[in-house]
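**Student:** Here it is, the structure in full.
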Amino acid sequence: MSKSEFTPDYAVPPGETLLETIRALGLTQKELAARMGRPVKTINEIIKGVAAITAETSLQLEKVTGVAASFWNNAETSYRERLARLKERRRIETQTQWLRCFSYRKMVELELVPLLSGKHERVESLLQFFGVASEAQWQTAYERLTGAAREAAGLKSEIGDLSAWLRAGELAARQRDCERYSATRFKQTLSKLRLLTQHSPPDVWAEVCRLCAEVGVVVVLVPELPKTHVYGFTRWLTKDKALLQLSLRYKTDDVLWFTFFHEAAHILLHGKKDIFFEFRESADPKEAVANQWAANFLIPERSWAGFVEALPARISKNAVRDFAAAEGIAPGIVVGRLQKEKRLSYSFLNDLKHRLVIDWSSAD
């Protein structure tokens, strides 16, 4: 059921209440003006909602009408707020085309925004989600991030969903306690996490997040939106807090772990002002560096060279399992690398990978 509430398209000035009050007291506007020591014109403008009831005026009204000054002050504040909301509503109604940038229904499904039927209400919910006052401020807030994504993958139409995915990661990161970043401790932690790859990711993910937070890296899983096409994302939220965000695109453990260590490489090796998106392909030389670092960290270069040199023409499951066990990593990672290097068809040995089904409500 969609969420909806009655919002009148008009505002009632407190002057109408004032007019009813003085009539009940048997006073005319002229008599009220005389008792307050104010021009009749001012009283008339207050009644019409043209002039505001100031704090001084409210005290005068309290003495003459017997109605508390706080009532008049609150009535005036509510009226001016209502006028502002009506003006804002008219402005937002000119921005409904902005909705086309987003897969709103998918965002509802992922509980990022509420289910709403009206375009105006949807625009309002998106502005609240992004924490901005208007579409223009949204563009300002996310143009650097989405610009980096365009540069990385030549994106054209993904700015809306991509910015929503990024914002979801920011909001999730805000809720995480995190120690100050330490490069030395982070690299030590990555060695521990490498061993955890032997387990099904859902079984160890809470431990992954905890260990990373202890060394200044917030790890969040945010499901991809239809037009994001991104595996992972890394940036620094502050000088002491890094964000490592994953989408779980292609839901197998080999892709998840490789993307995780690839993004970790950016944190370790590259600048704190850099922004990194992990797509299928990228011309950025830093991406190639991160790819190589992740591959060698998961499987040392010498070990890998020896393994592939000894491989028979027909690669067996046992050979993969034995090598993975000796290296202390998941067999799926070995299969994924063999496939990536075209030593194995993408249709073979996939049963050695963990297929991941994530309950996104508890993924963090």
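The values are calculated or read from the model by the stated rules, or taken from the named source; none is laboratory data. Just so it is clear, the structure is predicted and the values come from calculations on it, not from any experiment. Here Cβ is always computed from backbone atoms with ideal geometry, including for glycine, and neighbour counts include all displayed protein chains.
**Student:** Given the residues D240, D254, which is the only one that is touching a Lys or Arg at 6+ places or on another chain (Cβ under 9 Å) and more than 21 Å from L196 (Cα to Cα)?
**Tutor:** Matching residue, one of D240, D254: D240.
**Student:** Right, here's the next one. I need the full set of residues from segment 195-207 which are crowded, with 20+ Cβ neighbours inside 10 Å and modelled with pLDDT of 95 or more, in order please.
**Tutor:** T197
**Student:** Still on this structure, I have one more. Any idea which of E263, E224, E287 is among the acidic types (D, E) and touching a helix residue (DSSP H, G or I) at 6+ places or on another chain (Cβ under 7 Å)?
**Tutor:** E224
**Student:** Of these, V40, V12, which one is touching a residue at least 60 places away in the same chain (Cβ under 8 Å) and not acidic (D, E)?
**Tutor:** V12
**Student:** Considering (1) under 27 Å from P226 (Cβ atoms); (2) in contact (Cβ under 8 Å) with a residue 12 or more places away in the chain; (3) of a type in the set (S, T, N, Q), say which one Q339 fails and leave the rest.
**Tutor:** (2)
**Student:** Go through segment 281-316 residue by residue and tally those that are among the polar types (S, T, N, Q), under 37 Å from the mean Cα position of the chain (by Cα) and loosely packed, with under 15 Cβ neighbours inside 10 Å.
**Tutor:** Of the residues in that region, 1 qualify.
**Student:** Right, something else. Can you tell me which of (1) among the charged types (D, E, K, R); (2) assigned to a loop (DSSP other than H, G, I, E, B); (3) surrounded by 12 or more Cβ atoms within 10 Å (Cβ to Cβ) is the one E111 doesn't meet?
**Tutor:** (3)
**Student:** Pick out the one residue from L127, L116, L99 that is under 20 Å from L225 (Cβ atoms) and either of a type in the set (F, W, Y) or not in a helix (DSSP H, G or I) (or both).
**Tutor:** Answer to the check: L116.
**Student:** Given the structure, is Q137 touching a Gly at 6+ places or on another chain (Cβ under 8 Å) and surrounded by 13 or more Cβ atoms within 10 Å (Cβ to Cβ)?
**Tutor:** So Q137 does not fit the description; no.
**Student:** I would also like to ask the following. Within the set of pairs 6+ apart or on separate chains, which have a first residue in segment 120-146 that is basic (K, R), a second that is crowded, with 18+ Cβ neighbours inside 10 Å and in a helix (DSSP H, G or I), and C-beta atoms under 7 Å apart?
**Tutor:** Listed pairs, sorted by first residue: R122/Y104.
Residues checked against (1) of a type outside the set (G, A, S); (2) at positive phi; (3) in contact with a strand residue (DSSP E or B) (Cβ under 8 Å, 6 or more places away or on another chain):
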| position | (1), (2), (3) |
| --- | --- |
| Y10 | yes, no, no |
| R38 | yes, no, no |
| G49 | no, yes, no |
| A52 | no, no, no |
| S78 | no, no, no |
| G118 | no, no, no |
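**Student:** Specify the residue that is farthest from P13 (Cα to Cα); the eligible residues are those in segment 33-58 that are outside any loop (DSSP other than H, G, I, E, B) and under 47 Å from the mean Cα position of the chain (by Cα).
**Tutor:** E56
**Student:** Report whether or not L246 is under 28 Å from V357 (Cβ atoms), among the hydrophobic types (A, V, I, L, M, F, W, C) and modelled with pLDDT of 95 or more.
**Tutor:** When the stated conditions are applied, L246 does not pass them.
**Student:** Looking at (1) in the same structural domain as Y104 (by TED's automatic domain parsing); (2) more than 16 Å from the chain's Cα centre (by Cα); (3) of a type outside the set (D, E); (4) at pLDDT 90 or above, find the lone condition where V132 falls short.
**Tutor:** Only one criterion is unmet by V132, namely (2).
**Student:** Okay, moving on. Has segment 77-86 got at least one residue that is buried (at least 17 other Cβ atoms within 10 Å of the Cβ) and either without any contact (Cβ under 8 Å) to a residue 60 or more places away in the chain or not assigned by TED's automatic domain parsing to the domain that holds V222 (or both)?
**Tutor:** Taking every residue of segment 77-86 in turn, at least one turns out to be buried (at least 17 other Cβ atoms within 10 Å of the Cβ) and either without any contact (Cβ under 8 Å) to a residue 60 or more places away in the chain or not assigned by TED's automatic domain parsing to the domain that holds V222 (or both).
**Student:** Keeping to segment 317-327, report how many residues are surrounded by 19 or more Cβ atoms within 10 Å (Cβ to Cβ) and under 13 Å from L338 (Cα atoms).
**Tutor:** Counting residues in segment 317-327 that are surrounded by 19 or more Cβ atoms within 10 Å (Cβ to Cβ) and under 13 Å from L338 (Cα atoms) gives 3.
**Student:** With the structure loaded, tell me whether V215 is farther than 30 Å from V335 by Cα, surrounded by 20 or more Cβ atoms within 10 Å (Cβ to Cβ), in contact with a helix residue (DSSP H, G or I) (Cβ under 6 Å, 6 or more places away or on another chain) and not charged (D, E, K, R) or whether it fails that test.
**Tutor:** Here the answer is yes, as V215 does meet what is asked.
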